[in-house]
Amino acid sequence: MSPESTPHPKVSAFNDDSTLVRQTFSHFPSGVAVLAVDIDDQKHALVASSFMVGVSLEPCLVSVAVQKSSETWGLLKDAESLGISILGKGQADLTRKLASKNRAARFEQVAVEVNDSGSVFIDDAALWLECSIHDVTEAGDHWLVLLEVNKLGVGDNEPLVWHGTKFRELVDAQSVDVA
């Protein structure tokens, strides 16, 4: 049997088992992004772990996948610009609050900055981006949204990480002497 025809023992068919897919995908670490706007003095937020930087440098593009069923996306998609906050260490509870079903209470006692365009930025995040929508493509049960970065900034906080269905924080790796 040639090496090309030997079944690889690490992968197998999943037969459209969405639970298995979610479980498998949960092993890929990601940051936690909050896309937020202020529309008529009402703040709206969408929390996503499906956010990706570095899609393109020219133009500067990032992306996010949004469930088609998201009611919040219906509000955000028409905004002039979106504030994106990549949450940081110590903000796991804030993530749950901003994603709660109680939309009216999402921003209660949450420190934010709102700029002239209506973009909302969460205080103490790891980084911030102000973006406009560049393109939206249908991707199965999601919308794949390309966002053009118009402004950006880096905070002092380290990023919060979503991995294995848990929030985690970065730690410095131990130095290894390779003598």
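Throughout, read-outs are computed from the coordinates displayed, never taken from laboratory work. Worth saying up front: this structure is predicted, and the values here are computed from it rather than measured. Neighbour counts run over all protein chains shown; Cβ positions are idealised from the backbone, glycine included.
Of the labelled options (1) 9.8; (2) 15.3; (3) 13.5, which one gives mean projected area of the Cα convex hull in nm² as computed for this structure?
Looking at mean projected area of the Cα convex hull in nm² for this model, the match is (2).
Testing the spin-label approximation: label points 7 Å from Cα along Cα→Cβ at Val114 and Phe28. State their distance in nm.
3.5
Scanning the chain for GluC sites (Glu not before Pro) in DSSP loops with at most 14 other Cβ atoms within 10 Å, what's the longest stretch left with none? Write down the numbers at each step before the final one.
Numbers: sites that count: Glu4, Glu80, Glu108.
Longest site-free region, per DSSP loop and neighbour criteria: 5-79.
Pick out, in residue order, every one of the trypsin sites (Lys or Arg not before Pro) in the range 91-156 that is DSSP loop and has at most 15 other C-beta atoms within 10 Å; say none if there are none. Write down the numbers at each step before the final one.
Details: sites: Arg96, Lys97, Lys101, Arg103, Arg106, Lys151; in loops: Lys101, Arg106.
In loop regions of the range 91-156 (DSSP not H, G, I, E or B), the sparsely surrounded trypsin sites (Lys or Arg not before Pro) are Lys101.
In deg cm²/dmol, rounded to 500, what helix-only [θ] at 222 nm does the chain give when every DSSP H run of at least 4 residues adds -39500 (n - 2.57) and the total is split over its residues?
Working: 3 runs with 21 residues, N = 179.
When only DSSP H runs of four or more count, the value is -3000 deg cm²/dmol.
Would you kindly derive the ³J(HN,Hα) couplings of the range 113-123 from the backbone phi angles with the Karplus curve 6.51 cos²θ - 1.76 cosθ + 1.60 (θ = phi - 60°), listing them in order in whole Hz, with x for Gly and Pro?
10, 10, 8, 4, 7, x, 6, 10, 10, 7, 4
Quick one: how many lysine pairs in the range 55-179 have C-alpha atoms under 20 angstrom apart, if they're 8 or more apart or on different chains? Working shown, then result.
Numbers: Lys68/Lys77; Lys68/Lys101; Lys77/Lys101; Lys77/Lys151; Lys89/Lys97; Lys89/Lys166; Lys97/Lys166; Lys101/Lys166.
Within the range 55-179, the lysine pair count is 8.
Give the calculated FRET efficiency between Val11 and Arg168 to the nearest 0.05, with a Förster radius of 22 Å applied to their Cβ-Cβ distance.
Step by step, r from the Cβ atoms, then E = 0.30.
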